[in-house]
Amino acid sequence: MTIPSSILPLPSSINKGNVTIIGAGIIGLCSAYYLLKEGFKVTLLEQGDLINNCSSGNAGMIVPSHFVPLAAPGMISKGIKWMFDSKSPFYVKPSLNPALISWGLKFWKYSNQNHVDISAEPLRDLHLLSKQLYDDLAKEPTLDFGLEKKGILMLYKSQAAGDEEIHLAKKAQSLGLDVEPLTPAQTQDLEPDTALDILGSVHYRCDAHLSPSDLVQQLVAYLRKNEVEIVTNCKVTGFETNAGKITAIKTTNQTYTPDLVVMTGGAWLPELAKKADLNIPIMPGKGYSFMVDPNGQQIHHPSLLLEARVAVTPMNGQIRFGGTMEIAPMNDKVNMNRVEGIVNSIPNYYPDYQVPIPQIDKIWYGFRPCSPDGLPYIGFTQKLKNLIIAGGHGMMGVSLAPATGKLVAELAVGSKLSVGVEVYKPDRFG
């Protein structure tokens, strides 16, 4: 499918110069990559140590299939039901936190069919652009991140889930995506080395997968080799502004004076934006993953266990199982009930995988940056004309990273955009 060209960038684009990117997650790294390609001098500021960012434990899926935002019909009723089950796929921890209440009211407002219809084509285009760009990235001599184009299987066990997924598949086909419903036997033919216990599946052949930890490590090495300065353990403490521009970034290390600022920051974006007197609502969606050895029963295709909302990805000879979405203020505790919910669901679909509860030190967790309408923030801000926001990608950070980075670079140089960004404008919540 051809990616349509779109609107001209906002008039805030600037001449090439020094760019400081705040946040070295996958969005920040890809933004640095494409800005570097455009001839900018790039500095990356990261508050952590690059070892355990949210992208590293990601399922590694590239998902044009995900053209429906998290804020969609039915999510409110499901969320209320799941709220009382600590092992459920989607869990909103009850709280009087004002930020959570405000986010929740906005999420409720956008959980409707009209929002889904408006978002479908822009999300499809952004994902397809990313998929094309991943093909280009894989051609870089020093980048080998296990890109495979086997698609993703949506496995279901109930008729209700099957009917819903097949209805969605028809919508995907109308959007030009390569997708096909499969019988249990057809699905089993794709997985000859392990048993399946399912009612059917939908195969999104348009999807792909990769190893996110390899991608992150190799991008970091590539950027450093090409003279991008990456400053770790560097927390932003404030900004100086003048005449509608950021003139200085104050940090725990030193003060930086860039021509252009790109604010990524993942789940920490609201805190960062607030320092610049901006309102970018995001709640952290905590998720977990762990690795399992296949022991001769190799799974060959990534899958999503639909009723359980669990992602399954073959990765570097192992299988990564991940899932849950826990909307709550950040904390560093591993909720074993959430992990147990993932573990218990696996043999329901893959009977050969009787997976024990992993040891706590083998469990990865990260915070997905979830916007209230389920759409990312991409674009210049109106208040600060040399600031680009790129964040709020939720569970789709890895999938959408190259497209977002490419758009950041196009915005920075003032070229025509590969896809439109109107629905992603960072100021949409005021």
Quiz prompt | Cut-off 20 Å (backbone N to label point 7 Å along Cα→Cβ of N295), residues of segment 311-334 | solution = 312-322
Practice problem: For segment 115-237, compute Rh as the Kirkwood radius over C-alpha pairs and then the Stokes-Einstein diffusion coefficient at 20 °C and 1.002 mPa s; write the answer in µm²/s, rounded to an integer. | Solution: 123 µm²/s
Quiz item: Looking at G285, P347, I378, which one has the Cα that reaches farthest to the positive end of the dipole of the chain (charges on Cβ: Lys, Arg +1; Asp, Glu -1)?
Solution: I378
Quiz item: L45 accessible area, nearest 10 Å², 1.4 Å probe?
Solution: 0 Å²
Practice problem: Order the peptides 57-64, 30-37 from the highest to the lowest mean number of other Cβ atoms within 10 Å of their residues. | Solution: 57-64, 30-37
Exercise. Calculate the spin-label point distance for Q217 paired with D136, positioning each point 7 Å from the Cα along the beta-carbon direction, and give it in nanometres.
Key: 2.6 nm
Exercise. Please work out which option in (1) 21.9; (2) 23.7; (3) 22.6 gives Kirkwood radius over Cα pairs in Å calculated from these coordinates, and answer with its label.
Key: (1)
Quiz item: For the chain, with only Lys/Arg (+1) and Asp/Glu (-1) charged at the beta-carbon, what is the dipole magnitude about the Cα centre, in debye rounded to 20?
Solution: 1280 debye
Quiz item: With each pseudo-label sitting 7 Å past Cα toward Cβ, what's the T241-K171 distance in nm, one decimal?
Solution: 3.7 nm
Quiz item: Any idea what angle helix 113-137 forms with the longest principal axis of the chain, computed on alpha-carbon atoms, 0 to 90 degrees, nearest 10?
Solution: 80 degrees
Practice problem: Determine, from the Cβ-Cβ distance of V355 and A185 and an R0 of 35 Å, the FRET efficiency 1/(1 + (r/R0)^6), rounded to the nearest 0.05. | Solution: 0.90
Quiz item: Can you pull the accessible area of E164 for me, 1.4 Å probe, Å² to the nearest 10?
Solution: 110 Å²
Exercise. Specify the angular offset, from 0 to 90 degrees and rounded to the nearest 10, of the alpha carbon long axis of helix 336-349 from the longest principal axis of the alpha carbons in the chain.
Key: 50 degrees
Quiz item: When the accessible area of the chain is split by element with a 1.4 Å probe, what percent falls to carbon and sulfur?
Solution: 51 percent
Quiz item: Can you pick out the pairs among K109/K274; K16/K109; K149/K333; K225/K406; K16/K274; K150/K406 whose Cα atoms lie more than 30 Å from each other?
Solution: K16/K109; K149/K333
Quiz item: In square angstrom, what is the accessible area per residue of the chain with a 1.4 angstrom probe?
Solution: 41 Å²
Quiz item: Using alpha carbon coordinates only, what is the Rg to Rh ratio of segment 107-174, with Rh defined as the Kirkwood radius?
Solution: 1.09
Quiz item: How far, in degrees from 0 to 90, does helix 98-110 lean away from the longest principal axis of the Cα atoms of the chain, to the nearest 10?
Solution: 70 degrees
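The values are calculated or read from the model by the stated rules, or taken from the named source; none is laboratory data. Just so it is clear, the model here is predicted, and its values are computed rather than measured. Neighbour counts run over all protein chains shown; Cβ positions are idealised from the backbone, glycine included. For accessibility, only protein heavy atoms count, side chains too; no ligands or nucleic acids. Shrake-Rupley method; radii C 1.70, N 1.55, O 1.52, S 1.80 Å.
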